[in-house]
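Notes follow the structure.
The values are calculated or read from the model by the stated rules, or taken from the named source; none is laboratory data. No experiment lies behind these values; they were computed from the predicted model shown. Using ideal geometry, Cβ is built from the backbone for each residue, glycine included, and neighbour counts are taken over all protein chains shown. The area values use the complete protein model at the heavy-atom level, side chains included, leaving out ligands, DNA and RNA. Shrake-Rupley method; radii C 1.70, N 1.55, O 1.52, S 1.80 Å.
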Amino acid sequence: MLESSLLSNIGCFIDGTWRKASDKLIDVLNPATGEMLASVPDLGARETVEAIEAAALAMRETIPVDVRRRWLLGIVKLLNDHREELARIITLEQGKPLKESVGEVDYAAGFFRVATEHLYALTDRELPGTIRDARWTVRHAPAGVAGLITPWNFPLAMLAKKLAGAIAAGCASVTKPADLTPLTSVALWHLMESLDMPRGFVNLITGAAKPIGDTLCAHPAVRVISFTGSTGVGKLLMQNVAPHVKRLSLELGGNAPFIVLEDADIEKAADALVASKFRCAGQTCVCANRVLVHLDIEQAFTDAVVSRVAKLKVGDGMDATVDLGPLINRAGWDKVARHLEDALRRGGKRVFGTDPQPPTGQRACFFSPQVVTGITPDMLVSQEETFGPLVAITTFADEQTAIDLANGTPYGLASYVFSRDASRAQRLSRALRFGHVGVNTGSGPIPDAPFGGMKQSGFGREGALEGVLEFCEVQTVCEG
Ligand code: ADP
């Protein structure tokens with residue numbers, strides 16, 4: 001069992017009180033060892049309604065902007081003060097290396113900090129003079145109760161992106177974390193209890209996704225749902241909110257191209273690829289998925305990548321020397337194995353890696369890194385997000401083919417392009433239909449800049465001012 005000063009209450013937080021025991025529980029397991037860490041309540045529609053109604057009550061009176069700023073900065077301080085313990089909980093329930101978890105806590109704190117920098121934009125804006133004999137004011141009102149649904153790959157950061165925007169906008173919320181990694185949220189709620197938020201302003205509910213999700217979609221007090229997860233569930237949420245016409249912000253799957261032009265700095269591109277591809281064992285939505293390399297440099301680039309991948313160590317993320325933790329579960333492991341097998345069967349050539357050993361159970365699903373060349377667009381690895389440590393390299397002969405290959409996906413989240421020619425790289429960045437383009441860097445999103453998808457990777461933005469406006473409703477008042 002997981003002992004932690006931040007987990008003295010393990011439960012849901014509804015209307016300002018902890019709901020602990022229930023007859024049904026969800027076990028949370030350490031993905032590196034299979035060890036049981038804790039159990040969280042398996043709640044459903046009834047408790048979701050209670051949480052929504054408590055949230056609606058908590059935001060009946062508009063919360064002054066200064067109070068929101070104080071809470072946001074309070075959370076930044078709490079995250080900083082408890083950085084190491086939060087990181088430990090993230091690694092224990094998610095599996096990523098501890099150093100990445102520490103980075104995740106800092107990244108999460110950034111969203112709360114950045115949100116405070118945009119509160120000024122929520123001030124009422126008066127139009128100059130009188131128009132039609134009236135004085136006009138534009139307001140950014142809190143949209144209503146926010147439903148926040150988060151995935152398991154960044155248990156703290158994905159929540160921070162949403163919660164920071166909701167609090168900044170003045171919205172009370174109901175959060176449903178992923179069943180696989182709810183403990184980080186429980187720890188954050190434990191910390192937030194020390195802030196003077198009104199009862200019901202932030203609610204946390206764990207349990208079966210469908211009844212909770214359906215209730216958030218249907219309840220009239222919920223006006224915004226912010227979701228990060230699979231495209232399939234995103235589409236379902238669109239259907240479910242349609243009869244109720246409510247706002248959605250969706251960050252869905254990606255299939256990131258990583259383009260290396262013939263004039264690229266090969267060493268720099270290889271460093272960036274390895275950092276992007278193997279972060280969180282390849283389980284991030286911005287991970288390079290399709291590596292597109294100019295024919296002339298394929299060999300040199302592949303060699304540079306292999307020499308780096310050969311140094312990566314796989315193991316329990318609590319070991320400070322480990323670079324890649326386990327995959328989250330057996331389903332995740334099976335998907336990567338399927339992509340690898342399909343690529344090799346259809347003519348791909350493995351240039352690094354050995355056949356991965358199938359795990360015996362649901363956890364300890366370690367997958368050793370793989371590098372495969374000769375990837376073609378018909379292979380699974382080109383068509384779907386692999387979400388694992390498989391580098392899939394394909395070649396192109398000219399720039400337009402690279403652009404066509406890169407855009408040849410229904411997804412549009414992250415993309416990367418490497419070239420020493422700045423104007424060429426800029427030209428490509430404009431041709432890429434992706435919400436995020438890294439030019440000569442493998443950097444993913446930062447709290448200071450808006451992030452989100454195009455096409456079937458979703459809509460809506462997180463971070464920056466845009467991430468706050470997702471939770472606001474614009475109201476125009478004309479005073480005659
Ligand atoms: P993944 O495949 O990465 O787990 P999911 O889209 O299944 O992605 O999960 C992301 C989040 O969405 C999780 O919190 C999960 O519990 C939740 N979820 C899954 N199904 C539904 C649903 N029908 N309605 C609302 N949320 C859901």
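Worth pointing out:
- In the chain, helical runs assigned H by DSSP with n ≥ 4 each contribute -39500 (n - 2.57); averaged across all residues and rounded to the nearest 500, the mean residue ellipticity at 222 nm is -11500 deg cm²/dmol.
- Its residue count N fixes a reference of 2.2 N^0.38 Å for region 256-388, and the Cα radius of gyration divided by that reference is 1.02.
- Computed with a 1.4 Å probe over protein heavy atoms only, the accessible area of residue 23 comes to about 150 Å².
- Note on region 184-306: with neighbouring protein chains present and a 1.4 Å probe, carbon and sulfur make up 59 percent of its accessible heavy-atom surface.
- Taking amide hydrogens as placed 1.01 Å from N in the peptide plane, the amide H of residue 249 sits under 5 Å from those of 225, 226, 227, each at least 5 positions away in sequence or on another chain.
- Based on the Stokes-Einstein relation at 37 °C and a viscosity of 0.692 mPa s, and on the Kirkwood radius from alpha carbon pairs, region 118-197 is assigned a translational diffusion coefficient of 219 µm²/s.
- Percent accessible area from carbon and sulfur atoms, region 430-480, protein chains only, probe 1.4 Å: 53 percent
- If you wrap the Cα atoms of region 19-160 in a convex hull and average its projected area over all directions, you get 11.9 nm².
- Whole-percent P(r), region 177-242, all Cα pairs, 10 Å bins from 0: 16, 45, 32, 7.
- Among the listed pairs 99/176; 313/335; 99/277; 77/313, those whose Cα-Cα separation exceeds 23 Å are 99/176; 77/313.
- Reference-scaled alpha-carbon Rg (2.2 N^0.38 Å with N residues) for the chain: 1.00
- Distance from the alpha carbon centroid of region 65-110 to that of region 268-336 works out to 25 angstrom.
- For the chain, the per residue solvent-accessible surface stands at 39 Å², with DNA, RNA and ligands left out and a 1.4 Å probe.
- Eligible aspartates and glutamates near residue 161 by straight Cα distance, threshold 13 Å, same-chain separation 8 or greater: 104, 106, 251, 448, 462, 466, 470
- Counting only Cβ charges, +1 for Lys and Arg and -1 for Asp and Glu, the dipole size of the chain around its Cα centre is about 580 debye.
- Across region 216-227, rounded Karplus estimates of 3J(HN,Hα) from the backbone phi angles (6.51 cos²θ - 1.76 cosθ + 1.60, θ = phi - 60°) give 4, 5, 8, 5, x, 6, 7, 10, 9, 10, 10, 10 Hz, Gly and Pro being marked x.
- Other residues with beta-carbon under 9 Å from the beta-carbon of residue 263 carry, at +1 per Lys or Arg and -1 per Asp or Glu, a net charge of -1.
- Table column - 3J(HN,Hα) (Hz), region 95-104, Karplus curve with 6.51, -1.76, 1.60, x for Gly and Pro: x, 5, x, 3, 5, 5, 5, 4, x, 5
- Sequence-distant residues sharing a close amide H with residue 365 (under 5 Å, placed H): 327
- Amide hydrogen proximity for residue 14: with H placed 1.01 Å from N in the peptide plane, the residues at 5 or more positions away or on another chain lying under 5 Å are 19, 204.
- The portion of the accessible surface of region 1-157 made up by carbon and sulfur, rounded to a whole percent, is 53 (1.4 Å probe; DNA, RNA and ligands excluded).
- For region 336-480, with +1 on Lys and Arg beta carbons and -1 on Asp and Glu, the positive-most of 344, 412, 460 along the dipole: 344
- Take residue 351: with every protein chain present and a 1.4 Å probe, its accessible area is about 50 Å².
- R0 of 30 Å, Cβ-Cβ distance residue 65-residue 443: FRET efficiency to nearest 0.05: 0.45
- With θ taken as phi - 60° and the Karplus curve 6.51 cos²θ - 1.76 cosθ + 1.60 applied, the whole-hertz 3J(HN,Hα) list for region 406-422 is 4, 7, x, 8, x, 9, x, 8, 10, 8, 9, 9, 10, 7, 7, 8, 4 Hz, x standing for glycine and proline.
- Selected from 107, 57, 94, residue furthest toward positive end of dipole (region 27-129; charges at beta carbon): 107
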